[in-house]
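Q: Pasting a structure here, questions to come.
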Amino acid sequence: MVVFEKPKSLTDAELHYCPGCTHGIIHRLVAEAIDATGVEGRAVGVAPVGCAVMAYNYFACDMVEAAHGRAPAVATGLKRAMPENIIFTYQGDGDLASIGMCETVHAAARNENITVIFVNNAIYGMTGGQMAPTSLPGQVTQTSPYGRDVKVAGYPVRVSEMLAALDGPEFIARVAVNNVKNVRNAKKIIQKAFENQIEGKGFSLVEVVSSCPTNWGMTPAKALEWVEEKMIPYYPLGVYKDKSAEEAAK
Amino acid sequence: MSEKVLMKGNEAIAEAAIRAGCRHYFGYPITPQTELAAYMAKQMPKIDGVFLQAESEISAINMVYGVASAGKRVMTSSSSPGVSLKQEGISYIAGSDLPALIVNVERGGPGLGGIQPSQADYFQATKGGGHGDYHLIVLTPASVQEMADLTALAFDLADKYRMPAMLLADGTIGQMMEPVELPAESGCTVEKPWAVTGTKMAREHNIVNSLYLVPEELEKTNFERFERYKAIEENEVRYEEFMMDDAEVCVVAFGIAARVSKNAVVAARKEGIKAGLIRPITVWPFPKKAVAKAAAQVKGFVSVELSMGQMIEDVKLACDCRVPVSLCNRAGGMIPSPDEVLAAIKNMQGGNA
């Protein structure tokens, strides 16, 4: 008999996320990866500032709440202090790719042995839908009410491609959670990002293309279509760097 | 250990930190604290410690936050402009009730300022510095010996009260060489059941956090924190009194300004002026009672500072403005001479404050 169970690494706390938000799926995938790799007792997560700010209430492992964008630096401190523990961050696009870009790039360049879950939904959700570093050209947000004008606001940042250009990081991949096939693949990739750390391979980042029905002003179903039609063409899915695999292939 | 070694102030801090069991150091290059980071870079790898040059002061203090969350002794050092950058992280460390040591080897400001010694970060260090209601325990060394001794003490106090401590030094003490008797090896003696070391599936998860969205809860954490601060103000005030028994003019000065002032007090005594010195060693908590007691006896106070006059506000508050308080100061990297301090003492003695 197959019983559908809640992952051990999620608490019983009720999630505060909006209806149709994909954070819930991503939380579950992270928790499943922690369960599957058996590191529940030595995992320490770092929560961001953003929609996932209260992730510390949802993950059952020890948690630290970081300042906006600083999670990779906090995780660096945790990992250097406790090399045997499994340290992950869970961050959004404003947190990781705007205010925390410096911390992200340098943690990657150092090949810091941590796991980074990067949720890209192309908007600042928590503060009510402002333009994010990953908002698409033309995307209407509260702070780009006429659509993101690249002449004024510049272009979105493709984080995975950018980080993959560095020599440092072990593993960089982009996944999505807009349909069953993509969720199954995301699960596999997120688990690999944890396994990499357990094996001491180094910095592993998984960018998860996500949706924000509330601030995109769409129904949840429509938002998932928008992910497929607009987001994924701009942010193609795939493994952008896998140093160990590349070396093995040589 | 009683053997004395000749060391720079910055190096004495580093060695004392290592002897206090600190095995994690994060920093970013800045003058005039350079020797401290260099010492750590050399020593830490030899003792299985961590030296990491961070990508910014902001990252360095957040790495400190990470190690402190894990319950281990940790420090960072910088100088004034760099310490400004750390303020966000310091506020989070204070708000999350974590022990850590931040060293500020001050230089002149504001802005990029200069690289010569200063005490112009007094407000920043003693009144909070970052956002929100909080304090740091702030210790002010006046010699290379105190650079070492107060480093060890700062780690102990930070652990004891679960809060960040700051060593507020200046470029002069950082750069000068003096014989120093290094403190004995020590370490943290306080249990840290709150540390995020992994649940080992044996307890509820620990959360290191400063977010409280319910205002009643946030208020409660503020009040509880200030109860602890009250205990610190009762128990941890440290200061030195010099020739205060019969003093009629009281100089108040810390750090390098106190050393200059001591010479001026001796010179004043030679001229028959009954001068004395109160040297705060902790500037938070400030030696309020000592200043208040002196106020009953002296004609006035002279606050000697390497700033435009910051500590003078605490002197005035502590003596309740019952007697005049004058300022003898230099700024921008300049240090008052003993003659300048002597002139200020004479002015106060003559009632020309």
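The values are calculated or read from the model by the stated rules, or taken from the named source; none is laboratory data. For clarity, every value in this text was computed on a predicted model and none was experimentally measured. Cβ placement follows ideal geometry from the backbone for every residue including glycine, while neighbour counts extend to all protein chains displayed.
Q: Under 8 Å between Cβ atoms, at least 6 apart or on separate chains: pull out the pairs that start in segment B:206-219 with a residue that is facing chain A (nearest Cβ under 7 Å) and end on any residue that is assigned to a loop (DSSP other than H, G, I, E, B) and of a type in the set (Phe, Trp, Tyr).
A: That search, which allows pairs on different chains as well, returns B:Asn206/B:Trp194; B:Val208/B:Trp194.
Q: Ok, one more. Might you check whether a residue that is surrounded by fewer than 24 Cβ atoms within 10 Å (Cβ to Cβ), without any contact (Cβ under 8 Å) to a residue 24 or more places away in the chain and either within 13 Å of another protein chain (Cβ to nearest Cβ) or farther than 26 Å from B:Ala120 by Cα (or both) occurs anywhere in segment B:90-101?
A: no
Q: Looking at B:Asn222 and the list (1) out of contact with any strand residue (DSSP E or B) (no Cβ under 7 Å at 6 or more places or on another chain); (2) outside the structural domain of B:Leu136 (by TED's automatic domain parsing); (3) of a type in the set (S, T, N, Q), which single condition is not satisfied?
A: Every listed condition holds for B:Asn222 apart from (2).
Q: Further, regarding this structure: Looking only at residues that are out of contact with any helix residue (DSSP H, G or I) (no Cβ under 9 Å at 6 or more places or on another chain) and more than 7 Å from chain B (Cβ to nearest Cβ) in segment A:48-102, which one is nearest to A:Gly20 (Cα to Cα)?
A: Among those residues, the one meeting the criterion is A:Met54.
Q: For A:Thr134, indicate whether it is touching an Asp or Glu at 6+ places or on another chain (Cβ under 6 Å) and in contact (Cβ under 8 Å) with a residue 60 or more places away in the chain.
A: yes
Q: Another one. B:Val5 versus (1) outside any helix (DSSP H, G or I); (2) within 14 Å of chain A (Cβ to nearest Cβ); (3) over 18 Å from the mean Cα position of the chain (by Cα): which is the lone unmet condition?
A: So the condition that B:Val5 fails would be (2).
Q: For segment B:219-335, which strands (runs of 3 or more DSSP E) that fit wholly inside it have 1 or more residues that are closer than 26 Å to B:Gly351 by Cβ and not small (Gly, Ala, Ser)?
A: Of the strands (runs of 3 or more DSSP E) lying wholly inside segment B:219-335, those with at least 1 residues that are closer than 26 Å to B:Gly351 by Cβ and not small (Gly, Ala, Ser) span B:239-242, B:249-252, B:275-280, B:300-305, B:325-329.
Q: Right, something else. Which one of B:Thr189, B:Thr172 is of a type in the set (Ser, Thr, Tyr) and either at positive phi or in a loop (DSSP other than H, G, I, E, B) (or both)?
A: B:Thr189
Q: Hey, can you tell me all the residues within segment B:24-72 that are within 14 Å of chain A (Cβ to nearest Cβ), charged (D, E, K, R) and surrounded by fewer than 22 Cβ atoms within 10 Å (Cβ to Cβ)?
A: B:Asp48, B:Glu55 - these are the residues of segment B:24-72 that are within 14 Å of chain A (Cβ to nearest Cβ), charged (D, E, K, R) and surrounded by fewer than 22 Cβ atoms within 10 Å (Cβ to Cβ).
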